[in-house]
1. Between Pro191, Pro120, Pro234, which gets the highest mean-square fluctuation from a Gaussian network model of the chain, Cα cutoff 10 Å?
2. Run the helix sum for the chain: -39,500 (n - 2.57) per DSSP H stretch of 4+ residues, divided by residue count, reported at 222 nm to the nearest 500 deg cm²/dmol.
3. Given 0.36 nm per residue, what is the gain on full extension from Thr193 to Lys232 after removing their alpha carbon distance, in nm?
4. Report the calculated FRET efficiency for His126 and Thr71 (r = Cβ-Cβ distance, R0 = 35 Å), to the nearest 0.05.
5. 5 Å is the cut-off here: which amide hydrogens, built 1.01 Å from N in the peptide plane, fall below it relative to Asn60, excluding neighbours closer than 5 in sequence?
6. In the neighborhood of Arg125, defined by Cβ-to-Cβ distances under 12 Å, what is the net charge if each Lys or Arg adds +1 and each Asp or Glu adds -1?
7. Cα to Cα, under 17 Å, and not fewer than 8 places away if on the same chain: which aspartates and glutamates meet these conditions relative to Lys85?
8. Using the alpha-carbon atoms, what tilt in degrees (0 to 90, nearest 10) does helix 135-148 show relative to the longest principal axis of the chain?
Amino acid sequence: MKASSRYLALAFCAVLAHAARADINIGIVASATGPAAALGTDIQRTVGLMPAEVAGQKVNYTFLDDATDPTTAVKNIHKLINENKVDAVIGPNTVPNSAAMAPVAAENKTPLVLIAPYAPPQDKRHWVFQSTQDAGLMVARIVEDMADRKARTVGYIGFSDSWGDTAYNELKKSADTAGIEIVANERYQRPDTSVTAQVLKILAAKPDAVFVGASGAPAALPQAQLRQRGYKGPIYQSHGVTSKDFLRVGGQNVEGALIPVGPVLVADQLPDDMASKKVGVDLNTAYEDKYGPGSRSTFAGSTWDAWLLLQNAIPAALQKGRPGTVEFRTALRDSLENTRDMVGVNGVYNMSPSDHIGLDERGRVLIEVRDGKWRFVKP
């Protein structure tokens, strides 16, 4: 072989090697500002724990703040796909923003791993996955506990948006099955500073229990006003409240709140035979070492599980395509859909073409706010 031919062959091999080592780009969209900022901040912090390399490939992360606004969320995902050339997107942390972003991911054939309990329409579901429990699984646990306490009626107060609707619809479904009557259905806006009128209507209905279908720090408002006006019954919150800001804003008024959550929040309190205990303890240790004692949250856990799902899917995808190409994104999507028995901090994931969440009862526990801390009650 002539020297020039050898050089050309070597150069070609070098190009192929460089192609194989192309960077993987991951976008993250969450609410670092706005009413859901307490949750989005936890997500942003979790990015700081993600590895710089997977399967020999460098991984770059780009975080964009959606300001708790669906329009901004859509602009962000377009920017990530068109300018940053991401291979997948993690987030966002609210249902309205998830609903806004899902069609963009589908249109651009880019895997989207949501950190909010949103089920997209069937024609948009192919590219969308979820690392947090769906509302049905979690609300069913609330209703089970109501039934255990012999509650016959429940009052509902939730956000005036798609999350509030979702939580209510799941409550109605489970409550009807359990024979529990919903005697009030009140709503409020995320930025509201008073819910006095709604609370008075709930109190007038005299429910045995109350369910607050909200998330983040704004979820503390109805519970505070219920307690201040003398309500003594059990108050349930959704799994979207478990951030440090909820405890800070709610203070003494959220003592006794009952919440279905992923195992990570109370990982160190779990029985040793629970699958998610070790990985949950490991994450909480790393997170609190970096951000301070008590900083753990379920949104940090769901973000970490979103990353674990991608990390688990990347090696198989690399065998079929180069990062930055539609072939790689398609293979990544297919690999996510074939996730089997992956232990995350919030449960064990088994996905399929008909199930892009893959969590079962192992992905939830019931906790209580006690002395300003999260306390494990029972699975």
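1. Result for the chain, Cα springs under 10 Å: Pro191 fluctuates most.
2. Working: 12 runs with 160 residues, N = 379.
Roughly -13500 deg cm²/dmol at 222 nm, from the helical runs in the chain.
3. Values: separation 39, 0.36 × 39 = 14.04 nm, distance 2.23 nm.
Length difference between fully extended and current span is 11.8 nm.
4. Values: r = 24 Å, r/R0 = 0.69.
Step by step, r from the Cβ atoms, then E = 0.90.
5. Ile24, Asn25, Ile26
6. Details: positive: Lys124, Arg333; negative: Asp123, Glu337, Asp355.
Net local charge, Arg125 excluded: -1.
7. Asp23, Glu107, Glu327
8. The answer is roughly 30 degrees.
The values are calculated or read from the model by the stated rules, or taken from the named source; none is laboratory data. Predicted, not measured: the structure shown is a model, and the values here were computed from it. A quick note on method: Cβ atoms are made from the backbone with ideal geometry, for glycine too, and the neighbour counts reach across all protein chains shown. Quick note on the areas: whole protein, heavy atoms, side chains included, nothing else; ligands and nucleic acids left out. Shrake-Rupley method; radii C 1.70, N 1.55, O 1.52, S 1.80 Å.
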